[in-house]
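Asks: My questions will all concern the structure given below.
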Amino acid sequence: MSYAKVLGAGLVGVTGHVVEVEADLAPGLPAVVISGLPDTALHEARDRVRAAIVNSGEKWPNRRITLNLLPADLPKYGSAFDLAIATALLGGAGELPLLPLDRVVVLGELGLDGTVRPVRGVLPMVAAAVRAGLGRVIVPVDNAAEAAVIPGVRVRAVDTLHRLVGFVRDGTPLLEPSASGPTPPPDGPDLADVAGQGLGRRALEVTAAGGHHLALLGPPGAGKTMLAERLPSILPELDDDAALEVTALHSIAGVLPSDGRLLRHPPFQAPHHTATVPALVGGGAGLARPGAVSLAHRGVLFLDEAPEFSKGALEALRQPLEHGWIRLARTRGGTEYPARVQLVLAANPCPCAKPAGDTQCECSPLTRRRYLGRLSGPLLDRVDVQVTLLPVRAAELMATGGAHESSATVGARVAAARAAAAERWAPIGRRLNAEIPGPLLRRSPWRLPGHDTDELRARLDSGSLSARGFDRIIRLAWTVADLDGRDRPDREDVREAIALRTGEGA
Ligand SMILES: [Zn+2]
């Protein structure tokens, strides 16, 4: 028998696919041919696999070897096929009886010395195995905990090719993943630490409840970063599907903690303003690495000192903010990663970043306008909540006496508001107020009575408010009403929404 087949897995975007690795050995001039749309890494696989087989004490078959990866039309990136290729090759050469690997998905990169190295994206690949009705996987020992996150699969791990060969040939036991405990409670920063900041706290709560984007403007020391970092702490935990998706993205990026748990808390990403476009939205050779906007999927993307980001970087965020996913150009086709985030922008009012009213700031009104203008086109237009924060005064700190609502308390109100919105919008297949198209809110039965919106319409007529801005304020008013337990926004809700949108005193 000079033919053998072993199952591996690959990725298209964030979705795993089971791949068949076939090896055919024929008499003739010794050579290795790989087909099935392999990329450069797969050609390198040939050299790695050869060295690993020889250095594991196995015989390299000196025949004409054809390796084929199926389905052929599936793009294949990365080094996760090494282990499947090596075993298929040894099986085809008659060196290994492959029956123990029947219906088992085998994943892992090989070192030249025959060690099995961890690979990116194990979690979605194992999920693909389960979807395909395959209940057993063999993964690199460093990926074992991650693989075991997927329910309904029996995970075994290997540290060397030698160990895998020993298992197949003699039944030597493989390694077992260590059990992981339940998800620990979030240990991020808590709103209880934030003193004063009535407007900022309210803006954060409204942002969380409606799924809106948020812009925090104000001088250094106004607590913009402190607030932004606490947005995840008042968002609901991720449900099963979202947790799997988020964990898969972190797996593909190779940044998953090694404790083998699903990521249950909404992620928080705060790329520095010097971040490159690939760091922000993803990229790189071979299996594309998700960028910050995808690592923040279902969570918060925080751009501190947002006007300092490069024009290209801000522009690159347009697509993910509009569509909830990012498409990365690849040599063959493209890769899409989910990127549905709540954006939080923080900006100083001017480039010199001196406190407001400080005599040292010599920025002209034009300079200030230009500075924030960098954000206006691509980003600020999508941001529903825009507030200007002032430095917290000592009096404000004393007045509240140090007792501030905790994230748990605020989070409970956010959850109730989200539940109300989800119930209201269920018939149109939406959940969050931020997702509701403006025209729908202007039509019956959602249209608000004239006497509640007269101030808004006056602003529209005078040109101080755009039609889009009008819709955003109505959307915010619904969130305010949801938070305060009203069926519909009233006049006061609209007024608060105007303040949250325009930054004019609440
Ligand atoms: Zn200045």
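The values are calculated or read from the model by the stated rules, or taken from the named source; none is laboratory data. As the structure is a prediction and not an experimental result, all values here were calculated from the model. Here Cβ is always computed from backbone atoms with ideal geometry, including for glycine, and neighbour counts include all displayed protein chains. Note: accessible area is taken over every heavy atom of the protein model, side chains too, but ligands, DNA and RNA are not part of it. Shrake-Rupley method; radii C 1.70, N 1.55, O 1.52, S 1.80 Å.
Asks: What does the charge count around Ser258 come to, taking other residues whose C-beta lies under 11 Å from its C-beta (Lys +1, Arg +1, Asp -1, Glu -1)?
Replies: -2
Asks: Using Cα positions and a limit of under 25 Å, work out the lysines in reach of Lys76, with same-chain residues fewer than 8 apart set aside.
Replies: Within the straight-line limit of under 25 Å, Lys76 reaches these lysines: Lys5.
Asks: Over segment 361-485, with every protein chain in place, what whole percent of the accessible area is carbon and sulfur at 1.4 Å, could you tell me? Let's see the in-between values first.
Replies: Working: 3680 of 6620 Å².
Ligands and nucleic acids excluded, carbon and sulfur give 56 percent.
Asks: Restricting to Cα pairs below 8 Å that are 6+ residues apart, what does the relative contact order work out to for the chain? Please round to a whole percent. Display every interim value, and only then the final one.
Replies: On the way: 1041 pairs, mean separation 67.4, N = 506.
It rounds to 13 percent for the chain.
Asks: Taking the chain as the reference, fit the longest principal axis to its C-alpha atoms, fit the long axis of helix 467-483 to the helix C-alpha atoms, and give the angle between the two in degrees, 0 to 90, nearest 10.
Replies: The angle comes out near 90 degrees.
Asks: Now for a different question. Mind checking the angle between helix 407-425 and the chain's longest principal axis? C-alpha axes, 0 to 90 degrees, to the nearest 10.
Replies: 90
Asks: Calculate the spin-label point distance for Ile428 paired with His273, positioning each point 7 Å from the Cα along the beta-carbon direction, and give it in nanometres.
Replies: 3.7
Asks: Before I look further, what does segment 162-232 give for accessible area per residue, probe 1.4 Å, in whole square angstrom?
Replies: 40
Asks: Once you put a point 7 Å from the Cα of Trp446 and another 7 Å from the Cα of Arg318, both along the Cβ direction, what distance in nm separates them?
Replies: 2.6
Asks: Can I ask one more? Find the accessible area per residue for segment 87-157; the probe is 1.4 Å, ligands and nucleic acids are left out, and the unit is Å².
Replies: 34
Asks: Rounded to a whole number, what % of the accessible area of segment 206-265 do carbon and sulfur atoms account for, probe 1.4 Å?
Replies: So the carbon and sulfur contribution to the accessible surface is 53 percent.
Asks: Okay, moving on. Looking only at Cβ-Cβ distances, which cysteines of the chain have no other cysteine closer than 4.7 Å?
Replies: If one checks each Cβ against the other cysteines of the chain, Cys352, Cys361 turn up with nothing under 4.7 Å.
Asks: What size of dipole, in debye to the nearest 20, comes out for the chain about its Cα centre when the only charges are +1 on Lys and Arg C-beta atoms and -1 on Asp and Glu C-beta atoms? Could the numbers behind the result be given before it?
Replies: Working: 56 positive and 56 negative charges, 205 e Å.
Charge dipole of the chain: 980 debye, to the nearest 20.
Asks: What is the helix-to-structure angle for 40-55, meaning the angle in degrees between its Cα long axis and the longest Cα principal axis of the chain, kept from 0 to 90 and rounded to the nearest 10?
Replies: For 40-55 against the chain, the angle is about 50 degrees.
Asks: Another question, then. Which value, in Å², gives the accessible area per residue of segment 448-506 when a 1.4 Å probe is used on the protein heavy atoms?
Replies: 47
Asks: Also, quick follow-up: Taking the Cα centre of segment 187-271 as origin, work out the dipole magnitude from +1 charges on Lys and Arg Cβ and -1 charges on Asp and Glu Cβ, in debye rounded to 20. Show your work: numbers first, answer last.
Replies: Details: 6 positive and 11 negative charges, 86 e Å.
Magnitude of the dipole: close to 420 debye.
Asks: If I take R0 = 56 Å and measure r between the Cβ atoms of His43 and Asp461 in this structure, what FRET efficiency does the formula 1/(1 + (r/R0)^6) give, to the nearest 0.05?
Replies: Approximately 0.25, to the nearest 0.05.
Asks: Another question, if that's okay. Set Lys and Arg Cβ to +1 and Asp and Glu Cβ to -1, take the dipole of the chain about its Cα centre, and tell me which of Ile138, Gly16, Ala416 lies farthest positive.
Replies: Going by the charge dipole, the pick is Gly16.
Asks: To continue, here is another question. Subtract the Cα-Cα distance of Ser364 and Arg154 from 0.36 nm times their separation in residues, and report this length gain in nm to one decimal.
Replies: Extra length available between Ser364 and Arg154 comes to 69.0 nm.
Asks: Given the chain, what percent of its DSSP beta bridges are antiparallel, to the nearest 5?
Replies: On the way: 28 of 57 bridges.
Restricted to the chain, the bridges split so that about 50 percent are antiparallel.
Asks: Calculate log10 I(q)/I(0) of the chain for q = 0.08, 0.11 Å⁻¹, where I(q) comes from the Debye formula with a single equal point scatterer on each Cα and nothing for solvent.
Replies: Log10 I(q)/I(0), no solvent term: -0.60, -0.93.
Asks: Decide, for segment 89-244, between rounded, prolate and oblate: order the square roots of the alpha carbon gyration tensor eigenvalues as a ≥ b ≥ c, take rounded if a/c falls under 1.5, and otherwise choose prolate if a/b is larger than b/c, else oblate.
Replies: Here segment 89-244 falls in the prolate category.
Asks: Cut-off under 29 Å on the C-alpha distance; same-chain residues fewer than 8 positions from Lys224 excluded. Which lysines are left, in chain and number order?
Replies: Partners found: Lys311, Lys354.
Asks: Sticking with this structure for a sec: Please work out the Cα center distance from segment 194-215 to segment 431-449, rounded to the nearest Å.
Replies: After rounding, the separation between the Cα centres reads 22 Å.
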